[in-house]
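The next block holds one structure in the form of structure tokens; read it before the comments.
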Amino acid sequence: MSQQTHSTVIIDTGCANLSSVRYAFERLSKDVVVSDDHRVIKAATRVVLPGVGTAGAAMASLNNKQLVALIQSLDQPVLGICLGMQIMTDTSKEQGGRDSGNKTVAEKSACECLGLIPTAITDLNSQGLPLPHMGWNQISPSSHPLFKDIPEASYLYFVHSYKAPLSEFTIATCEYGERFSAAIAKDNLMGVQFHPEKSGEVGARILSNFLAMTTQSLNQSLMQTLKPTSLQLNRESRT
């Protein structure tokens, strides 16, 4: 008996409250499923990697479910949300006192993550502003297809104390004490620090942009645009 293929699969990471993410996608598409089944994830048109908590706990859960190698092998569009974005990177300081094998470690030692986007998660330097960075804040998006029709200075909802620094993989920026990556991307992989599922119409537009992506359409879009961060980073360097 052949297995049903779903267009959008939200990975059941075991470390996320999936309800709000699932409901947000279900408002936009009828073909959304939550699963940790390797065959279901591999066959999806696009994949969502959610996460809440610490990188150490998230990576331990993914290892327990034997999902790490699978996620690393995906070639369809993948969207990481909040902690899901952070664990797409090489390492994270948000250890939570546990490493990727769920062993006790020094609180500020780095947790090895998925290594999909070559950057590292570090403490957000809020310059004395309260942490976590919680609430609505404006972003400066690039021309990446994830941000199609998203205006400059759009408001999105954030909850975090750690950040991805500005890099060649930055596709949107935000400022809270310091300027940081509100979103990062590399090839088929995209991650957003904000919560699109809690960000009203703008968040829904971003999710709709992701739902419109296939491997072929994303590749075509990326070939037609400049490297998404070059203009952005040049602008940041002048301010």
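If Ile150 satisfies all but one of (1) in a loop (DSSP other than H, G, I, E, B); (2) in contact with a Ser or Thr (Cβ under 6 Å, 6 or more places away or on another chain); (3) β-branched (Val, Ile, Thr), what's the number of the condition it fails?
(2)
Could you list all residues from segment 85-105 that are buried (at least 16 other Cβ atoms within 10 Å of the Cβ) and either at pLDDT below 95 or closer than 9 Å to Ala55 by Cα (or both)?
Gln86, Ile87, Thr91, Ser92, Lys93, Glu94, Gln95, Gly96, Arg98, Asp99, Ser100, Val105
Condition check ((1) out of contact with any Pro (no Cβ under 8 Å at 6 or more places or on another chain); (2) surrounded by fewer than 21 Cβ atoms within 10 Å (Cβ to Cβ); (3) under 24 Å from Ala185 (Cβ atoms)) across all residues:
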{"residue": "Ser7", "(1), (2), (3)": "yes, yes, yes"}
{"residue": "Asp36", "(1), (2), (3)": "yes, yes, no"}
{"residue": "Val48", "(1), (2), (3)": "yes, no, yes"}
{"residue": "Cys82", "(1), (2), (3)": "no, no, yes"}
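Tyr23 is checked against (1) surrounded by fewer than 24 Cβ atoms within 10 Å (Cβ to Cβ); (2) within 16 Å of Asn209 (Cα to Cα); (3) in contact (Cβ under 8 Å) with a residue 60 or more places away in the chain and fails just one. What number does that condition carry?
For Tyr23, the exception is condition (2).
Working carefully through the options Leu18, Leu79, find the one that is among the hydrophobic types (A, V, I, L, M, F, W, C), under 15 Å from the mean Cα position of the chain (by Cα) and at pLDDT below 95.
Values: Leu79 fails: at pLDDT below 95.
Within the list Leu18, Leu79, the selection yields Leu18.
Do we find a residue being under 20 Å from Val9 (Cα atoms), modelled with pLDDT of 95 or more, in contact with a strand residue (DSSP E or B) (Cβ under 6 Å, 6 or more places away or on another chain) and open to solvent by 40 Å² or more (accessible area, probe 1.4 Å) anywhere in segment 210-228?
No: segment 210-228 contains no residue that is under 20 Å from Val9 (Cα atoms), modelled with pLDDT of 95 or more, in contact with a strand residue (DSSP E or B) (Cβ under 6 Å, 6 or more places away or on another chain) and open to solvent by 40 Å² or more (accessible area, probe 1.4 Å).
Does any residue of segment 163-174 turn out to be among the aliphatic types (A, V, I, L, M), surrounded by fewer than 22 Cβ atoms within 10 Å (Cβ to Cβ) and assigned to a helix (DSSP H, G or I)? Give the steps one after another, and end with the answer.
Here is the first cut: in segment 163-174, the residues among the aliphatic types (A, V, I, L, M) are 164, 166, 171-172.
Okay, now just the ones that are also surrounded by fewer than 22 Cβ atoms within 10 Å (Cβ to Cβ), so 166.
When the remaining residues are screened for being assigned to a helix (DSSP H, G or I), the result is none.
Within segment 163-174, not a single residue is among the aliphatic types (A, V, I, L, M), surrounded by fewer than 22 Cβ atoms within 10 Å (Cβ to Cβ) and assigned to a helix (DSSP H, G or I).
The values are calculated or read from the model by the stated rules, or taken from the named source; none is laboratory data. Quick caveat, the model's predicted, so the values are computed rather than measured. Don't worry about glycine lacking a Cβ; one is built from the backbone with ideal geometry, like all the others, and counts go over all protein chains shown. Accessible surface areas use protein heavy atoms only, side chains included; no ligands, DNA or RNA. Shrake-Rupley method; radii C 1.70, N 1.55, O 1.52, S 1.80 Å.
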